[in-house]
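See below for the structure under consideration.
None of the figures in this text is laboratory data; all of them are computed from the coordinates on show. Since we're looking at a predicted model, the values are computed, not measured. Positions of Cβ are backbone-derived with ideal geometry, glycine not excepted, and every protein chain shown enters the neighbour counts.
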Amino acid sequence: MNSIYSDNRLALGLMRLKDISVEELENIIEGALSMGVSFFDISDVYCRHESEIKLGEVIKRNPDLRTRMIIQSKCGIVKEDNIFPHYDLSEDHIKNSLKASLERMHLSYLDSYLLHRPDIFMDNKEISRSFNSLYDNGLVHHFGVSNMDVSQIEYLKKEDGEHPLECCQLQLGLGQLSLLSQTFNANNPEENHLNTDGLFFYIKKEGLALQCWSPYQYGFFKGSIFKVPELKKTQDLLKELALKYKTTDCAIATSFLTDLGPFVQVITGSMNLSHIKESLEGTKIKLTKEDWYRLYASTGHLLP
Ligand SMILES: NC(=O)c1ccc[n+]([C@@H]2O[C@H](COP(=O)([O-])OP(=O)(O)OC[C@H]3O[C@@H](n4cnc5c(N)ncnc54)[C@H](OP(=O)(O)O)[C@@H]3O)[C@@H](O)[C@H]2O)c1
């Protein structure tokens, strides 16, 4: 089934805007749109609101861009001066954050809105009420979550109203494979994997889109998978496969993710149009199963 998620295998993440000017951002967005990348991912917390403000400046300068863009933002992480960072998914916080995000970005609605991280105090009825109200007022068209596990998604889905969760955004890439490693090692103590409680197949079964954040980062922002010494074997294999498929390392690393199925979206954080083009090319490549498994194993994860 087509959706704003499955129709856009590559999304452009707007987290790394600290050193990007409004003019540069406008050029990047124009360039991305002209190559067919229309889905943009942002959050109120990126650069402490600065990312949304910069995107808003671009929209103000060039309002016609909005009609060509699918814009997704997130709420729930509170990071302000003089406040200890925390999570808040209360009804008031969700509604007020959305209102503030729309104002910052000069938008009348969001295509997609995600709960950025789980809040231990979250209440599924409150969340359902806030989603219904945002949808009924035409402010948000689609909803999803990020960084949530099976039990949290199940808990929220129990109160799914007319506007159910449609996607889950998690870190996944050759430098962070915990979502997949359990799949091959259900009870194998030799693979030191994180128990993700079958999250990957749960997402697939529930028909959610899986958005992969930081697809080219090693671990939690420990450097690029194309450069870190820990992934030397993977880097050599990416080069070998790039030659075989007549493409680039980045395209191969991207197809490793999009090959998982049409429900998978990749969110690149590159601010370089030629790098974004490489990622887009990767969404069109299909690796053989053998090459896919070779890449997986090259990272050091166990394939028993
Ligand atoms: N939900 C969450 O909790 C969460 C957390 C983090 C991020 N995100 C989302 O995920 C997006 C991506 O995150 P990220 O920026 O960490 O992801 P990333 O794309 O994995 O990392 C970006 C880095 O990779 C480099 N890169 C990308 N393509 C490359 C290529 N072809 N060759 C060489 N280097 C390349 C970029 O350098 P260049 O700029 O030079 O290309 C940049 O330094 C964010 O913008 C945000 O939207 C979500």
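Here the spin labels are modelled as points 7 Å beyond Cα on the Cα-Cβ line, and at L243 and F221 they lie 3.7 nm apart. Helix 50-61 and the long axis of the chain differ in direction by around 70°, with both axes built from C-alpha atoms. Between the listed residues S3, L33, V58, the Cα displaced farthest toward the positive end of the dipole of segment 1-107, a dipole computed from Cβ unit charges relative to the Cα centre, is found at S3. For the chain, the mean residue ellipticity at 222 nm estimated from helices alone is -12000 deg cm²/dmol, where every DSSP H run of n ≥ 4 contributes -39500 (n - 2.57) and the total is divided by all residues, rounded to the nearest 500.
Contact order normalised by length for segment 185-304, with contacts defined as Cα pairs under 8 Å and 6 or more residues apart; what percent is it? Before the final figure, lay out each step's value.
Numbers: 119 pairs, mean separation 34.6, N = 120.
With pairs under 8 Å counted, the relative contact order is 29 percent.
Restricting segment 160-230 to GluC sites (Glu not before Pro) that sit in a DSSP loop and have at most 11 other Cβ atoms within 10 Å of their own Cβ leaves E162, E190. Residues of segment 62-80 with amide nitrogen under 20 Å from the 7 Å Cα-to-Cβ point of E24? Backbone N within reach: 62.
A dipole drawn for segment 10-171 from +1 and -1 charges on Cβ atoms has a positive end, and of Y87, Y135, L12 the residue lying farthest that way is L12. Take each peptide in 84-90, 124-130, count the other Cβ atoms within 10 Å of every residue, and average; sorted highest first, the result is 124-130, 84-90.
Pairs of Cα atoms nearer than 8 Å and 6+ residues apart set the relative contact order; for segment 10-171 it is 18 percent. Amide H to amide H, with H built 1.01 Å from N, K284 comes under 5 Å of no residue 5 or more places away or on another chain.
Just the ratio, please: alpha-carbon radius of gyration of segment 10-171 over 2.2 N^0.38 Å, N its number of residues.
For segment 10-171, the normalised Cα radius of gyration comes out at 1.02.
In degrees from 0 to 90, rounded to the nearest 10, what is the angle of the helix 249-258 Cα long axis to the longest principal axis of the chain? That helix lies at roughly 70 degrees to the long axis.
Panel values: the chain, Kirkwood radius from alpha carbon pairs, Stokes-Einstein at 20 °C and 1.002 mPa s, translational diffusion coefficient 108 µm²/s. Taking the Cα centre of the chain as origin and assigning +1 to Lys and Arg Cβ atoms and -1 to Asp and Glu Cβ atoms, the resulting dipole is close to 800 debye. Within segment 161-235, report the chymotrypsin sites (Phe, Trp or Tyr not before Pro) that DSSP leaves as loop and that have at most 14 other Cβ atoms within 10 Å. Filter output for segment 161-235: F220, F221.
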